[in-house]
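The values are calculated or read from the model by the stated rules, or taken from the named source; none is laboratory data. Here the structure is a predicted model, which is why all the values come from computation and not from measurement. Because the Cβ atoms are built from the backbone with ideal geometry, glycine has one as well, and the counts that use them run over all protein chains shown.
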Amino acid sequence: PAKLRYLDANRQQLVGRVALVGGKLRLVASYMSADEMRPGESPAQRLRDRVLDTGDDEPESIIWSGVYSAKAMVGAWIGAAAATLILPLLLAATALRSNQTTWLILGILLAGLWLWLIGTAVYRKLSNFYELTSQRLKHREGILFRKANRIELIDIDDVSYRQGPIQAVMGLGTITIQSSDTSHPNLDMVGIADVKQIADKIDDARRAERRKRGLHIETV
């Protein structure tokens, strides 16, 4: 098992604990002065109090905010446009071209397709909102019945993104957040424009928050 040592240096002690983060054992450590030590407290409690107290009085600034981009449905838009152009041509080449009922049914189907696509894009855009601050990643979903979640940046373990071929050309994609947050351990941010830049912003903010709170994470 891993052993923790508490080192005295300039009236400071290194307080640490071993935690399972992302499937790996990691050592979470923080320097504390001797004046901060309270009798009867365990090292784990001293570290937890230090983490929770650090930076709480600092103003929380907004780094980025965004919503679902309708351009993420580019494949569906292209498919609907192709159907709108090709199906009437195919119908005109058949014996049913003079049947007005057939044309009416085709028109209703195409109109329903476009209404469904537009409605889906509007719903996704209005029902998902993301905000990255200097301390948290906030996610709100829903229109009439809304649910809000927030993930502390120091709880985020990994930030990644994925793209399809068309999305890569347009700079779109899905960002996946893996964290130790119990309510939202995995969060998929779908349809994010400038996905690489936003993923980098989240990762940079995570690293900055951990440095600010004096946490040093090393793989054991």
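Some notes on this structure:
- So Gln100, is it touching an Asp or Glu at 6+ places or on another chain (Cβ under 6 Å) and modelled with pLDDT under 95: no
- For the range 143-163, filtering for residues that are touching a strand residue (DSSP E or B) at 6+ places or on another chain (Cβ under 9 Å), more than 13 Å from Asp181 (Cβ to Cβ) and either free of Cβ contacts under 8 Å to residues at least 40 places away in the same chain or part of a loop (DSSP other than H, G, I, E, B) (or both) leaves 7.
- Filtered residues of the range 154-170 (kept if more than 11 Å from the chain's Cα centre (by Cα) and closer than 18 Å to Ala208 by Cα): Ile154, Asp155, Asp157
- Exactly one residue out of Leu137, Leu106, Leu91, Leu87 is modelled with pLDDT of 95 or more and either outside any strand (DSSP E or B) or among the hydrophobic types (A, V, I, L, M, F, W, C) (or both), and it is Leu137.
- Close pairs (7 angstrom Cβ cut-off, 6 or more residues apart or separate chains): without any contact (Cβ under 8 Å) to a residue 24 or more places away in the chain in the range 105-132, part of a helix (DSSP H, G or I) anywhere: Leu106/Leu87; Leu106/Pro88; Leu106/Leu91
- Among (1) at pLDDT below 95; (2) more than 16 Å from the chain's Cα centre (by Cα); (3) exposed (fewer than 13 other Cβ atoms within 10 Å of the Cβ) - the single one Lys147 does not satisfy: (2)
Residues are listed down the side, and each one gets a yes or a no for (1) buried (at least 19 other Cβ atoms within 10 Å of the Cβ); (2) within 13 Å of the chain's Cα centre (by Cα); (3) within 19 Å of Ser65 (Cα to Cα):
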| residue | (1), (2), (3) |
| --- | --- |
| Leu126 | no, no, yes |
| Glu131 | no, yes, yes |
| Glu152 | no, yes, yes |
| Leu172 | yes, no, yes |
| Asp200 | no, yes, yes |
| Lys212 | no, no, no |
